[in-house]
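Q: Take this structure, written in structure tokens, and hold onto it; I'll ask about it next.
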Amino acid sequence: NHSSMWVRVNAAFALGEMDSQAVKAVPALTRCLDDVSHCVVRTAIDALSIIHQKSEEYMPSLGRLLKDGRPEWQTPVRCNYFTPYDQIRINAATAFTRLGNDATSQEQLLLEKLADPNGYVSGFVAEALRRIGTPKAIEGVLEYLMTRRWDDSLNKNRNF
């Protein structure tokens, strides 16, 4: 709850480093998913997925972050193509991958996000679905892979 963004980032990071011993911090880290700072949000996502406890408390917020961005997160940072929202989606998709079978409640959203314009997001989502392992999830992954089986040089304008 500190006023400094960097204190919040470092606190979330430290809690993630504590792994499952930081389970009491899950409610506070879940609140961090609504922080105005994309840095705090990304670090809280990572910490929650590393703690890997009480995922039912933050899974809806994690799903929301995977599909809904904020206008202020749409501008690329530094000299790359990634926006803060791209980075948040990558972190959220990675978190779903870490959660594996515990992410089954978000299967439909993950299937939809296979079409994400950022290839890193769709790649992590595919792995999350593979780890969920239901017939529907596996079928979605196979369809995703089938559409990408052709020569990459045929689609040179794709950013990711």
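None of the figures in this text is laboratory data; all of them are computed from the coordinates on show. These numbers come from a predicted model, not from an experiment.
Q: Taking only Cα atoms, what is the 0 to 90° angle, nearest 10, from helix 119-132's long axis to the longest principal axis of the chain?
A: Value to nearest ten degrees: 80.
Q: Quick one: what are the phi-derived ³J(HN,Hα) couplings along the range 135-141, Karplus 6.51/-1.76/1.60 with θ = phi - 60°, whole Hz, x for glycine and proline?
A: x, 5, 5, 5, 4, x, 5
Q: Can you tell me, using C-alpha contacts under 8 Å and at least 6 residues apart, the relative contact order of the chain as a whole percent? Don't jump to the answer; show the numbers that get you there.
A: Working: 200 pairs, mean separation 26.8, N = 160.
Here the relative contact order equals 17 percent.
Q: OK, next. Remind me, relative contact order of the range 1-45 in percent, using alpha carbon pairs under 8 angstrom and six or more residues apart? Don't jump to the answer; show the numbers that get you there.
A: Working: 32 pairs, mean separation 19.2, N = 45.
Computed value for the range 1-45: 43 percent relative contact order.
Q: Follow-up question, since we're still on this one. Show that you can apply the helix-only estimate: for the chain, add -39,500 (n - 2.57) for every DSSP H stretch of four or more residues, divide by all residues, and state [θ] at 222 nm to the nearest 500.
A: Details: 8 runs with 96 residues, N = 160.
Rounded to the nearest 500, the figure is -18500 deg cm²/dmol.
Q: On C-alpha positions alone, give me the angle between the axis of helix 5-17 and the longest principal axis of the chain, in degrees, nearest 10.
A: Around 80 degrees separate the two axes.
Q: How far is helix 84-99 tilted off the main Cα axis of the chain, in degrees rounded to 10, range 0 to 90?
A: So the helix axis and the longest Cα principal axis differ by about 90 degrees.
Q: Starting at the first residue of the range 102-112, write each ³J(HN,Hα) from the Karplus equation 6.51 cos²θ - 1.76 cosθ + 1.60 with θ = phi - 60°, in whole Hz, x for Gly and Pro.
A: Calculated HN-Hα couplings, in order: 5, 8, 4, 5, 9, 3, 4, 4, 4, 4, 5 Hz.
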